[in-house]
Each structure stands twice: as structure tokens, then as C-alpha cells.
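Bear in mind these aren't lab numbers, they're just calculated from the coordinates by the rules spelled out. Because the structure is predicted, anything quoted here is derived from the model rather than measured. Using ideal geometry, Cβ is built from the backbone for each residue, glycine included, and neighbour counts are taken over all protein chains shown.
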Amino acid sequence: MKKLMYPFLLVLISAVLAACGADDESKKADKKEEAKTAETDQQDQQKQMEEMQKKMDKQKLDENKTVAIVNDQKILGREYNSVLTSSQMMYQQMGQDPTSKDAAEEIKKQTLDSLVGQTLLLQEADKKGYKASDEEIKKKLEETKGQFKDDKEFETAMKQAGLNPDSLETEISNNIKYTKYIEGEIKPEKVTDAEIQKFYEEYASQGGAEGQEPPKLEEVKPQIKQNLEQQKQQEMLVKHVEELKKNAKIDIKV
């Protein structure tokens with residue numbers, strides 16, 4: 001921000017000191033300098049983004065490299081890269097550098113854990129007979145495309161996520177099977193009114209400490225219930241994956 005403001009202030013000072021008859025010329029110079037500064041800043045930001053992308057790309061693996069083997073099923077570099085890209089984007093959205101040493105190590109661990117867990121769950125989904133129909137895949141694909149204004153934007157988003165049309169369909173199919181499996185097999189205990197009340201009190205207390213008036217319990221009760229249900233399901237899912245790992249043959253190659 002200082003790089004932007006300093007030359008702009010110099011232009012303003014020059015304009016003030018200029019003769020009244022030259023006021024228009026000063027304004028023109030001011031606008032030109034401001035536009036030039038904005039353009040320079042935009043170029044700097046673009047350059048930083050390109051440099052960051054190069055650093056993130058270096059963390060990717062060869063698409064055909066075997067990253068891990070889970071119960072004789074290979075996980076390839078293209079699958080690793082897809083999950084890696086999502087993790088990198090999440091770190092950036094949180095204002096963190098995904099290419100720092102600590103972040104890179106954590107992202108690699110998270111990516112491998114995620115891939116192994118997903119593979120185990122999908123293997124179980126196949127054993128249980130959960131499937132994704134062509135109609136379901138087509139519908140979900142259309143819903144996904146509908147989130148973008150045109151095909152070009154959609155294709156750009158796919159490229160950024162490390163996907164192509166075939167791999168996207170595979171991801172959608174797996175996601176449908178995964179969702180069916182979770183809904184059918186991972187059933188947490190019901191959320192009690194006592195748990196909702198406790199969550200609300202903690203939430204209200206935090207809001208009060210920040211000087212905010214919390215909404216009434218009845219207004220947020222459905223959201224709290226949904227949040228707690230998801231939390232319980234996630235906890236059960238983590239335990240379920242850990243149990244599957246005990247009887248699985250997992251060989252990490254990277």
C-alpha cells in the first residue's frame with residue numbers, strides 16, 4: 001500500500017504548488033501518474049501470482065508416478081496433484097503461503113492421508129454395492145458446469161484444479177458413491193437438546209465478549225443442530241477410516 005500512496009502524494013503536492021492557470025494540467029498529470037501506479041501494481045501482483053504458481057507447481061508429482069498402493073490399488077500422481085491443488089488453494093484463501101517449508105510438509109501429509117482415506121472408503125463402497133448411475137453423474141456434471149458463466153471459465157477452473165473432462169467425471173462418480181456410502185453406513189447418534197443448548201451458550205458467550213447481541217436460540221437452532229450432526233459424523237468417519245487402516249495394506253511411495 002505504501003508503494004501506491006507515496007508517488008500519488010508527490011503528485012498531489014506538485015499540483016498544490018503549481019500555478020492556478022496550470023491546474024488542469026496538474027490534474028491530468030495526477031490521473032496519468034495514478035493510472036501508471038495502478039498499472040505497475042497490477043503488473044507486480046501478476047508477477048507475484050505467477051511466481052507463486054511456479055512454486056506450487058514444483059510440489060506436484062509426475063502424473064503417472066505411483067504415489068501409494070492401498071490394498072493393491074495404485075494411487076497415481078494425477079490424483080495426488082488434484083488433491084494437492086485443492087489444499088494449496090485453501091491455504092491461499094486463509095492468507096497462508098502453501099510453499100513454505102512447514103506448510104508444504106503439512107499439505108503433503110494431508111494430501112496423502114486424504115487419498116488413502118478416500119481410497120479405503122471407496123473400496124468399502126464398492127464392496128457394499130454403492131454405485132453412481134449415468135443419470136446421476138450427468139445431472140451432477142450439469143450442476144457443476146452451471147456454477148460458471150461459460151465453458152471457457154469452466155475449463156479454466158478444471159485446469160486450475162488439475163482435472164480434465166474424464167477425470168472430472170471420475171471424481172463426480174466417486175463423490176456420489178462416497179456420499180451414498182457415508183449416508184448409508186456412518187450414522188452418528190442424534191443431537192440432543194442439551195448439546196444444542198451447550199453449543200448455543202458458548203456461541204452467545206463469545207458474541208457477548210465481542211460486544212455483539214447474539215440471536216435467540218430458536219433462530220439458530222436448526223443451524224446449530226446441522227453443525228453438530230456434521231461434527232459427529234466427521235468424528236465417526238475419522239474413526240471408521242482408522243479402523244479400515246488396521247486391516248489394510250498401505251504402501252506410501254513418496
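Taking each of 74/159; 47/152; 74/187; 127/221; 145/180 in turn, the alpha-carbon distance tops 26 angstrom for 74/187; 127/221. Which FRET efficiency value, to the nearest 0.05, do you get for residue 250 and residue 221 by plugging their Cβ-Cβ distance into 1/(1 + (r/R0)^6) with R0 = 30 Å? Efficiency, rounded to the nearest 0.05: 0.10. Rounded to 0.05, the FRET efficiency of the residue 149 and residue 236 pair, given R0 = 35 Å and the Cβ-Cβ distance, is 0.35.
Put the Cα centre of the range 217-243 next to the Cα centre of the range 153-171 and the gap is 30 Å.
The length gained by stretching the chain between residue 198 and residue 243 to full extension, at 0.36 nm per residue less their Cα-Cα distance, is 13.2 nm.
Approximating the spin labels as points 7 Å out from Cα along Cα→Cβ, the residue 126-to-residue 96 distance works out to 3.3 nm. Label-to-label distance for residue 179 and residue 62 is 3.7 nm, based on points extended 7 Å past Cα in the beta-carbon direction.
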